[in-house]
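Pasting a structure here, questions to come.
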There are 2 protein chains.
Amino acid sequence: MKQALEGVKVLDFTQLLQGPYATQMLGDLGADVIKVERHGSGDIYRGMTFFNKWVAEDESPCFMAWNRNKRSISVDVKSEEGKKILYKLVETADVVMENFRPGVMERLGFGYETLKAINPKIIYCSASGWGDDGPYLTRPGQDLLVQSVSGAVMTSGKSTDGPVALGTALCDQVNALNSVYAILAALFYRERTGIGQEIKSNLLSSAIAFQMQDFFTIQNLGQTFTRPNSGIGHPGNGAPFGTYETSDGYITIAMSPWHKMVTALGDESLEVYNDPQTLYDKRDEIYYKIEAITKTKTTDEWLEIMLGLDLWVSKVNNQEDVEQDPQVIHNKTFVDIEHPKAGNVKVTNIPFTMSETPGKISRPSPMLGEHGPEILQEIGYSQDEINALESNNIITVERLNK
Amino acid sequence: MKQALEGVKVLDFTQLLQGPYATQMLGDLGADVIKVERHGSGDIYRGMTFFNKWVAEDESPCFMAWNRNKRSISVDVKSEEGKKILYKLVETADVVMENFRPGVMERLGFGYETLKAINPKIIYCSASGWGDDGPYLTRPGQDLLVQSVSGAVMTSGKSTDGPVALGTALCDQVNALNSVYAILAALFYRERTGIGQEIKSNLLSSAIAFQMQDFFTIQNLGQTFTRPNSGIGHPGNGAPFGTYETSDGYITIAMSPWHKMVTALGDESLEVYNDPQTLYDKRDEIYYKIEAITKTKTTDEWLEIMLGLDLWVSKVNNQEDVEQDPQVIHNKTFVDIEHPKAGNVKVTNIPFTMSETPGKISRPSPMLGEHGPEILQEIGYSQDEINALESNNIITVERLNK
């Protein structure tokens, strides 16, 4: 079966999280993603992990998570020979993506204007932390910092808490998604008109756009959100919207008609709160009254009672339990692939289906420069020239059993 | 200036948050989005708000946030005349999107097979809560419920907390982004091959894919994340990664070399922790030692000291302060537009720039069925026929000063 982005070549200068996630999404739908890695050591993310542990001795789970469906070439970008290789690759590329701090690509000789002169139809996406210029230009732009400046850390938890960060890379991942959105729209436009262009995305603008509804509310209703003092799930919502302890775990209750809720809980005295304003104003008081009741039965018992009344309810999974969830199993969300060094690894599948051009995981994350020789062959280098590049230390090629 | 999706017509059957955000993203880049609303009352989201308050009497900030750049037609989809209108619109549409529970569009007569028979090149995207079938098929699929089942609520906050939800619609918004990613890839493919297709996305798979790195780590390192007992920013990270109280607010510190950190804090005794394993194992102890020091100076003082040492640091904004942030002002993140009933409203701009085909906010959110008459004219209805449809209650048209 075909893939939607077959025939699209992406020259990928990205590293760490946001850029690699974006280009991986292009690879998942069939683009040929050539990851250009730093000579010698490669993507910095190869050297970072959690718990000080590694997959198969020295592979990073962070790197592996965001670099499937890519081929790697590791080149000394500061050498003349290295530049020549990359300029040659630009000639036939459709998309270039990078996420260095603003100005770095220009200094390396790979800025938009330079590459456009080589390939006028190129689509060039730069993803920065704060934007292309402005007061924070020289500051480090990183996910947790942007969660903080964008106000996202003040939306979760309780009003008695300090800032509460989301424990996954919210801003990196949202900006990866926005970058793909822009790149694909640009590819579509180029297919119609033949015209390429430059795209600039940044973590901060994406993090704010992600909270669009919340900012719209604050700015146009003139009232800001106040975090609850309980487990209410959104600072703008009233009871029962939140998560509640049961006798053996937690359940979550979303917007549900109050009268039915009272029936499910079996305490008629709660009927007095049946008014939207009261449910908002007294949300903490109501929350704890509900939780006193939910603690008396198991999660499964509550699901049966509440789903039977068509209330909006679910269980709460710990992350490690998610793969055993029956719907997750049914959806085939996790799949096994083979990695040359790590053997069998479990990865998250593409999160949607396409009837004609399904996403596909064709390759595990690459070893450093693994595909350098084949990529060089494709652009006309002879085996002798490739050997010379390797022995002259212009390219790095990691091999199995080395 | 042109827009990337000019000439693309989207027939939008979506409501509430995730679907409308997706189609708004298409409209932001120039697609003609025709929002098909329930006869009489329209999108349910028009009737929902925060704080029991409204913009300009009865406009919902939730609805307004996700429905700019769309035209609205409000049709009785169960009537024969209503169906005829929609089938006629399908003939010239490029994309159809819907986010009802699975099966609803088929029952209404607008399933993929039916619309494909009318327009074989149609791209049809269905966005559900849990997936197209499986054990949760009949359950309500809503953002907070999916945050819970996907484990996202167990990544934030402290280990002594219950589940902590992100206070914005994480799963809805991520699935909107994934749906746009799939739709644009399908449009690109159709432009090359002439072949349309069906796309199915769902909140649960998107929420899990969003935590791809975290699941990869848990499943392939065989160790799960444990939330800290302090303000550490990610359950897999050690100190100093987190948010800290200052004398007048909060600062956030991301990955920073420990020795420099100790220099900035001015307490040599902290040097003993200078080892990645120790920084992870004793993260809570270290966190509180750092915070005892950060509390002694203002946020601005710390920024000056730490940025001077090239440490990864930022301030923390409350959501209501974000629009005064100098970088946000520089980026022109918020812009004013005119709404026919509400007057001037402030909205979040498109989060990236495109040099050839910039995103543009051309229309405020529509009044219910506001564009029904002009849309009907475009597909050949006469003024008399349109008047008859309105007087026979087949279409609803909200007008100013009515």
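Checking A:Glu323 against (1) surrounded by fewer than 19 Cβ atoms within 10 Å (Cβ to Cβ); (2) under 25 Å from A:Cys62 (Cα atoms); (3) away from chain B (no Cβ under 11 Å), only one condition comes out false. Which one?
(3)
Criterion first (in a loop (DSSP other than H, G, I, E, B) and closer than 19 Å to A:Gln173 by Cβ) does A:Asn52 satisfy it? Write out each step before concluding.
On the way: in a loop (DSSP other than H, G, I, E, B): yes; closer than 19 Å to A:Gln173 by Cβ: no.
No; evaluated as a whole, the condition is false for this residue.
Let me ask something else. Checking A:Gly47 against (1) small (Gly, Ala, Ser); (2) farther than 25 Å from A:Arg190 by Cα; (3) within 12 Å of another protein chain (Cβ to nearest Cβ); (4) touching a strand residue (DSSP E or B) at 6+ places or on another chain (Cβ under 9 Å), which single condition isn't satisfied?
Of (1) small (Gly, Ala, Ser); (2) farther than 25 Å from A:Arg190 by Cα; (3) within 12 Å of another protein chain (Cβ to nearest Cβ); (4) touching a strand residue (DSSP E or B) at 6+ places or on another chain (Cβ under 9 Å), only one is false for A:Gly47: (4).
How many residues does the stretch B:167-192 contain that are facing chain A (nearest Cβ under 7 Å) and among the charged types (D, E, K, R)?
Within the stretch B:167-192, residues that are facing chain A (nearest Cβ under 7 Å) and among the charged types (D, E, K, R) number 2.
I would also like to ask the following. Are there any pairs, at least 6 apart or on different chains, whose C-beta atoms fall under 6 Å, with the first in the stretch B:93-118 and among the polar types (S, T, N, Q) and the second outside any helix (DSSP H, G or I), and if so, which?
If the second residue must be outside any helix (DSSP H, G or I), the pairs left are B:Asn99/B:Thr14; B:Asn99/B:Ala127.
Of the conditions (1) touching a helix residue (DSSP H, G or I) at 6+ places or on another chain (Cβ under 8 Å); (2) surrounded by fewer than 16 Cβ atoms within 10 Å (Cβ to Cβ), B:Gln277 clears all except one; give me its number.
(1)
Right, another one. Among the residues of the stretch A:345-362, is any under 23 Å from B:Ile218 (Cβ atoms) and more than 14 Å from chain B (Cβ to nearest Cβ)?
There is no residue in the stretch A:345-362 that is under 23 Å from B:Ile218 (Cβ atoms) and more than 14 Å from chain B (Cβ to nearest Cβ).
Residue check: is B:Val164 facing chain A (nearest Cβ under 7 Å) and either assigned to a helix (DSSP H, G or I) or modelled with pLDDT of 95 or more (or both)?
Working: facing chain A (nearest Cβ under 7 Å): yes; either assigned to a helix (DSSP H, G or I) or modelled with pLDDT of 95 or more (or both): yes.
In short, yes.
Which of (1) over 27 Å from B:Ser159 (Cα atoms); (2) facing another protein chain (nearest Cβ under 7 Å) is the odd one out, the single condition A:Gln211 does not satisfy?
Among (1) over 27 Å from B:Ser159 (Cα atoms); (2) facing another protein chain (nearest Cβ under 7 Å), A:Gln211 violates only (1).
Go over the candidates B:Gly372, B:Gly359 one by one and state the one that is buried (at least 21 other Cβ atoms within 10 Å of the Cβ), in contact with a strand residue (DSSP E or B) (Cβ under 9 Å, 6 or more places away or on another chain) and under 30 Å from B:Asp76 (Cα atoms).
On the way: B:Gly359 fails: under 30 Å from B:Asp76 (Cα atoms).
Step by step, each of B:Gly372, B:Gly359 is checked, and only B:Gly372 is buried (at least 21 other Cβ atoms within 10 Å of the Cβ), in contact with a strand residue (DSSP E or B) (Cβ under 9 Å, 6 or more places away or on another chain) and under 30 Å from B:Asp76 (Cα atoms).
Which residues, taken from the stretch A:28-63, are free of Cβ contacts under 8 Å to residues at least 24 places away in the same chain and among the basic types (Lys, Arg)?
Within the stretch A:28-63, just A:Lys53 meets the criteria.
Let me ask something else. Would you confirm whether or not the stretch A:96-106 contains a residue that is in contact with a helix residue (DSSP H, G or I) (Cβ under 6 Å, 6 or more places away or on another chain), assigned to a helix (DSSP H, G or I) and at pLDDT 95 or above?
No, every residue in the stretch A:96-106 fails to be in contact with a helix residue (DSSP H, G or I) (Cβ under 6 Å, 6 or more places away or on another chain), assigned to a helix (DSSP H, G or I) and at pLDDT 95 or above.
Let me ask another. Starting from the stretch B:193-204, keep only residues that are within 7 Å of chain A (Cβ to nearest Cβ) and over 13 Å from B:Glu98 (Cβ atoms), then list their pairs with residues that are of a type in the set (D, E, K, R) and not in a helix (DSSP H, G or I) whose Cβ atoms are within a distance under 7 Å, requiring at least 6 positions of separation or different chains.
Listed by first residue and then by second, the contacts come to B:Ile195/A:Glu356; B:Gln197/A:Glu356.
If you check every pair at least six apart or on different chains, which have Cβ atoms under 6 Å apart with a residue in the stretch A:282-310 that is within 19 Å of A:Met255 (Cβ to Cβ) first and a residue that is among the basic types (Lys, Arg) second?
Short answer, once both residue conditions are applied: A:Leu309/A:Lys260.
Being touching a Pro at 6+ places or on another chain (Cβ under 8 Å), surrounded by 24 or more Cβ atoms within 10 Å (Cβ to Cβ), of a type in the set (Val, Ile, Thr) and in contact (Cβ under 8 Å) with a residue 40 or more places away in the chain is true for just one of B:Thr155, B:Thr217. Which residue is that? Full working, then the answer.
On the way: B:Thr217 fails: in contact (Cβ under 8 Å) with a residue 40 or more places away in the chain.
Just a single option satisfies the conditions, and that option is B:Thr155.
Would you confirm, using the coordinates I've provided, whether A:Glu291 is within 23 Å of A:Asn237 (Cα to Cα), acidic (Asp, Glu), within 12 Å of another protein chain (Cβ to nearest Cβ) and assigned to a helix (DSSP H, G or I)?
Numbers: within 23 Å of A:Asn237 (Cα to Cα): yes; acidic (Asp, Glu): yes; within 12 Å of another protein chain (Cβ to nearest Cβ): yes; assigned to a helix (DSSP H, G or I): yes.
Spelling it out, A:Glu291 is indeed within 23 Å of A:Asn237 (Cα to Cα), acidic (Asp, Glu), within 12 Å of another protein chain (Cβ to nearest Cβ) and assigned to a helix (DSSP H, G or I).
Same structure again: Out of A:Ser74, A:Ser60, A:Ser79, report the one residue that is within 28 Å of A:Val174 (Cβ to Cβ) and more than 15 Å from the chain's Cα centre (by Cα).
Working: A:Ser74 fails: within 28 Å of A:Val174 (Cβ to Cβ); A:Ser79 fails: within 28 Å of A:Val174 (Cβ to Cβ).
Testing whether each residue is within 28 Å of A:Val174 (Cβ to Cβ) and more than 15 Å from the chain's Cα centre (by Cα) leaves just A:Ser60.
Please state which of the following conditions B:Tyr189 fails to meet, knowing it meets all the rest: (1) surrounded by 24 or more Cβ atoms within 10 Å (Cβ to Cβ); (2) part of a loop (DSSP other than H, G, I, E, B); (3) without any contact (Cβ under 8 Å) to a residue 12 or more places away in the chain.
(2)
Quick one: B:Ala56 ticks every box in (1) more than 18 Å from B:Lys360 (Cβ to Cβ); (2) crowded, with 21+ Cβ neighbours inside 10 Å except a single one, so which number is it?
Status for B:Ala56: all satisfied but (2).
If you don't mind, another one. Regarding A:Leu26, is this residue surrounded by 24 or more Cβ atoms within 10 Å (Cβ to Cβ), among the aliphatic types (A, V, I, L, M) and in contact with a Cys (Cβ under 9 Å, 6 or more places away or on another chain)? Full working, then the answer.
Numbers: surrounded by 24 or more Cβ atoms within 10 Å (Cβ to Cβ): yes; among the aliphatic types (A, V, I, L, M): yes; in contact with a Cys (Cβ under 9 Å, 6 or more places away or on another chain): no.
No; evaluated as a whole, the condition is false for this residue.
A further question follows. Quick one: in the stretch B:107-135, of everything that is in a loop (DSSP other than H, G, I, E, B) and within 23 Å of the chain's Cα centre (by Cα), which residue is surrounded by the fewest Cβ atoms within 10 Å (Cβ to Cβ)?
Going through the stretch B:107-135, the residues in a loop (DSSP other than H, G, I, E, B) turn out to be B:109-111, B:119-122, B:129-135.
Next cut, within 23 Å of the chain's Cα centre (by Cα) only: B:129-132.
Numbers: B:Gly129: 26, B:Trp130: 28, B:Gly131: 24, B:Asp132: 15.
So, considering only residues that are in a loop (DSSP other than H, G, I, E, B) and within 23 Å of the chain's Cα centre (by Cα), the one surrounded by the fewest Cβ atoms within 10 Å (Cβ to Cβ) is B:Asp132.
Does the stretch B:65-81 include one or more residues that are assigned to a loop (DSSP other than H, G, I, E, B), more than 9 Å from chain A (Cβ to nearest Cβ) and among the aliphatic types (A, V, I, L, M)?
Within the stretch B:65-81, the subset assigned to a loop (DSSP other than H, G, I, E, B) is B:66-69, B:76-79.
Narrowing the set further to residues that are more than 9 Å from chain A (Cβ to nearest Cβ) leaves B:67-69, B:76-79.
This time we only want the ones that are among the aliphatic types (A, V, I, L, M), so: B:77.
Within the stretch B:65-81 (the criterion being assigned to a loop (DSSP other than H, G, I, E, B), more than 9 Å from chain A (Cβ to nearest Cβ) and among the aliphatic types (A, V, I, L, M)), the answer is yes, since at least one residue qualifies.
Out of all the residues in the stretch A:214-261, which are assigned to a loop (DSSP other than H, G, I, E, B), among the polar types (S, T, N, Q) and at the interface with chain B (Cβ under 7 Å from one of its Cβ atoms)?
Step one: list which residues in the stretch A:214-261 are assigned to a loop (DSSP other than H, G, I, E, B), which gives A:222-231, A:233-241, A:246-249, A:254-257.
Add one more test, that the residue is among the polar types (S, T, N, Q), and what stays is A:223-224, A:226, A:229-230, A:237, A:246-247, A:256.
Selection gives A:Gln223, A:Thr224.
Looking only at strands (runs of 3 or more DSSP E) that fall completely inside the stretch B:320-402, which ones have 2 or more residues that are free of Cβ contacts under 8 Å to residues at least 24 places away in the same chain and closer than 30 Å to A:Ile122 by Cα?
B:352-354
Given A:Ala65, A:Ala93, which one is out of contact with any Ser or Thr (no Cβ under 9 Å at 6 or more places or on another chain), modelled with pLDDT of 95 or more, small (Gly, Ala, Ser) and at negative phi?
Numbers: A:Ala65 fails: out of contact with any Ser or Thr (no Cβ under 9 Å at 6 or more places or on another chain).
One residue alone meets the criteria, A:Ala93.
The values are calculated or read from the model by the stated rules, or taken from the named source; none is laboratory data. Note that the structure is predicted; figures quoted are calculated from it, not measured. Glycine gets a Cβ as well: all are built from the backbone with ideal geometry, and neighbour counts include every protein chain shown.
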